[in-house]
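The values are calculated or read from the model by the stated rules, or taken from the named source; none is laboratory data. What you see is a predicted model; the values in this text were computed from it and never measured. Here the Cβ positions follow ideal geometry from the backbone for every residue, glycine too, while neighbour counts run over all protein chains shown.
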Amino acid sequence: MRSASRALLLAAALPALCPRLPAQADLFPVREVTVPESAAGDEFGARLAVVGSHLAVGARGRGNGAVYILDPGTGQQLARIDAPQGAFQFPISMAAAGPGRLVASNYLSGGSAALYAVPSGGLIANLADPDDRSGGFGAAVASDGEVIAVSDLFEDSGAKAKGVVHLYRADSGAYLRTIQNANQTFGGFGFGNSLLISNGVLYAGAIYATTGSTPGGGEAYAVRLSDGAPLATYPDATEGQNLLGAALALTPAGLAVAPGYDDGIPYGYLYIFAGTDPLPITTLRSPGLASPNRRNDRFGAAVATDAEGALLVGTPRGPFDAVQTRKGIVYRHDPSTGALLGSLTFPEGTGRTFGAAGEAIAVDGRTIYVGAPSSDTSPDDGGRVWVYELPARGPAGGFVVR
């Protein structure tokens, strides 16, 4: 009975099932978003979040970091949130925290997290680290609009494991409780490297967790938000150095768990898990691996689900062509079958290389925002956000002709 209730809880956390996804060609951006003050090295677009009718854009290289609050339709800058005192490369993570609220964090230089008002950018509350000693506070944040989760990567949650997740009220920032590491073994390191909350379930990645006998294989976990009870463990199916758990997204087929990045790893596997089953139903590898110039293209640096239920996979170091241009790309997959449906890419002839498009992805209805924080090779303009629109479709899934 207990396993059945766990399966029902996880099933309730998934998005509504979508009809079979139609085949689709590549999508090209309809516009781009920048800010007039953007300068070389700003990394504008490194993090993205949709907060109601506004777009929050992280620029980690702007001084010690900043978050811009924009009108996404016009690109008008409404506010700028500068890095808290002592922070560096802010924001490491950020998320919408309900109507008119944004949570943003930074775990370098001691770690911090705070709740801000949108669109004013005013501070609502600093989220206090309840133990204030580990140094990993703020590595990732997530919210369902009622609760905010903030990871504390290096905090001891027991005699062996590392990493906990602290919970706060999304309206005030008041501390609620702490979720302990779901892996209480010597291999349970880095719990909370990525976070996601849906319908009473907290999902947490741990890229350095030991899978089987292999250190650094990575895992992801599902725990009950109310009391931290473990619901499921999602291990690296290859037992390789996959650094699984770097990014998470819920799809109609199940939980998408993306690999991390390391120069010594030639590629990563992205898995989709259904329910409590530890074996993935779908395994994805970068379509760019067919290139003779392939390297680790950071397939899965960001993942999201679009309005049609397709899985968007950010790949900021791909694709590799004959001259190894790496302007970035977002692949679009059917999460049930793994089929490649198309990609979100640049227009031909822009001359933009090393743009890191796909470092961040945010979805607002049929609008998709893709962060490209690395600048053009000439001139260096500090990054941008590309905006895409899914085409309207008829009732049978075909395109609407206008």
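Some observations on this one:
- Leading residue by the ranking (nearest to Leu108 (Cα to Cα)) among those in the stretch 51-77 that are surrounded by fewer than 19 Cβ atoms within 10 Å (Cβ to Cβ) and in contact with a Phe, Trp or Tyr (Cβ under 8 Å, 6 or more places away or on another chain): Asn64
- Flag for Phe90 being surrounded by 16 or more Cβ atoms within 10 Å (Cβ to Cβ), free of Cβ contacts under 8 Å to residues at least 60 places away in the same chain, under 16 Å from Val67 (Cα atoms) and of a type in the set (Phe, Trp, Tyr): yes
- Count of the stretch 113-142 residues which are at pLDDT below 95 and among the polar types (S, T, N, Q): 1
- Residue count, the stretch 53-102 (criterion: outside any strand (DSSP E or B) and among the aliphatic types (A, V, I, L, M)): 4
- Number of the condition not met by Glu146 [criteria: (1) closer than 23 Å to Leu250 by Cβ; (2) touching a helix residue (DSSP H, G or I) at 6+ places or on another chain (Cβ under 8 Å)]: (2)
- Any hit, the stretch 300-308, residues being on the phi > 0 side of the Ramachandran plot, modelled with pLDDT of 90 or more, surrounded by 23 or more Cβ atoms within 10 Å (Cβ to Cβ) and part of a loop (DSSP other than H, G, I, E, B): yes
Yes/no per residue for (1) at pLDDT below 80; (2) out of contact with any Cys (no Cβ under 6 Å at 6 or more places or on another chain); (3) under 20 Å from Arg60 (Cβ atoms):
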site	(1), (2), (3)
Pro319	yes, yes, no
Val323	yes, yes, no
Arg326	yes, yes, yes
His333	no, yes, no
Ser336	no, yes, no
Leu344	no, yes, no
Gly351	yes, yes, no
Glu359	no, yes, yes
Thr367	no, yes, no
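- Tally of residues being under 22 Å from the mean Cα position of the chain (by Cα), part of a loop (DSSP other than H, G, I, E, B) and at negative phi across the stretch 34-50: 2
- Considering (1) modelled with pLDDT under 95; (2) out of contact with any Gly (no Cβ under 7 Å at 6 or more places or on another chain); (3) over 17 Å from Ala256 (Cα atoms), the lone condition that Leu340 does not fulfil carries the number (3).
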